[in-house]
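Data first, discussion second: the structure below is written as structure tokens.
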Amino acid sequence: MTQPSIGPRPTRPQELETGEEPIDASTLPEGYQARAMTLADVEAVHELEIRLFPEDAWPVDMFLAEICHPTRRYTVVECDGAVVAYAGMMAVAETGDVQTIAVAPRHEGRGIGRWLMNRLQRQAMRAGAETMMLEVRADNMRAHGLYASMGYASIHRRRGYYAGGHDAIIMSLELHGPHESITKETTDDHR
Ligand SMILES: CC(C)(COP(=O)(O)OP(=O)(O)OC[C@H]1O[C@@H](n2cnc3c(N)ncnc32)[C@H](O)[C@@H]1OP(=O)(O)O)[C@@H](O)C(=O)NCCC(=O)NCCS
């Protein structure tokens, strides 16, 4: 996803001025729980990050800086007490950005990625965002399929953006009123 710069490390925990979006656990698959990511999760999240993004994994410091930054919100999903997925967004003015999203391979295809995307969108809307943006590697068909199914449109190709010279596709979605994003979750009501 994006590659935010690491500035001076903020001291206060993740806490946006606009209040926290409640976790809607009823739409998570059975056996999974979600909560806001904390400093205590960084090690587990980083282990997943290295497995899932071997070419361009974020360093531990990036996660520390991200979860402490006031414009960011990160969520982890757990199963049997272990972190199996995580995602984060940035909201500044009218734009939200998907910073990262990842689901452990054993837990893919169960709707967790879609659930996390819906959560990021709601968090962005709560913070005042009207548009959600994201970057995805051009060859990441699975992620692209998820975003396209949620209504994201490809708006730009950024050549050589990722390690190894891979292109990034920039995608965007117009967000609607609070809790009214156009997604499978709200239209099909099964996740
Ligand atoms: C991309 C990722 C987050 C998706 O998470 P997930 O929990 O498997 O996704 P979900 O089960 O919620 O959603 C699956 C949707 O993705 C799409 N999808 C799933 N597998 C797909 C495939 N092989 N090809 C195309 N689209 C696919 C479909 O739209 C599917 O919706 P459906 O099940 O209703 O048909 C996950 O695969 C992942 O973490 N990949 C590795 C890290 C990564 O690439 N992160 C994204 C960086 S931009």
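Since every read-out is calculated from the coordinates, none of them should be taken as a lab result. What you see is a predicted model, and the numbers here were worked out from it, not measured in a lab. We place every Cβ from the backbone using ideal geometry, glycine too, and count neighbours over all the protein chains shown.
Report the gain in length on full extension from Val92 to Ser154: 0.36 nm times residue separation, minus Cα-Cα distance, nm rounded to one decimal.
Fully extending the segment from Val92 to Ser154 adds 20.2 nm.
When every Cα-Cα distance of the stretch 29-188 is counted in 5 angstrom steps from zero, the calculated P(r) takes the values 2, 9, 18, 22, 23, 18, 8, 1, 0 percent.
For the stretch 90-147, the Stokes-Einstein estimate of translational diffusion at 25 °C and a viscosity of 0.890 mPa s comes to 203 µm²/s, using the Kirkwood hydrodynamic radius over alpha-carbon pairs.
The protection proxy used here, the mean number of other Cβ atoms lying within 10 Å of each residue, ranks peptides 41-54, 108-121 as follows, highest first: 108-121, 41-54.
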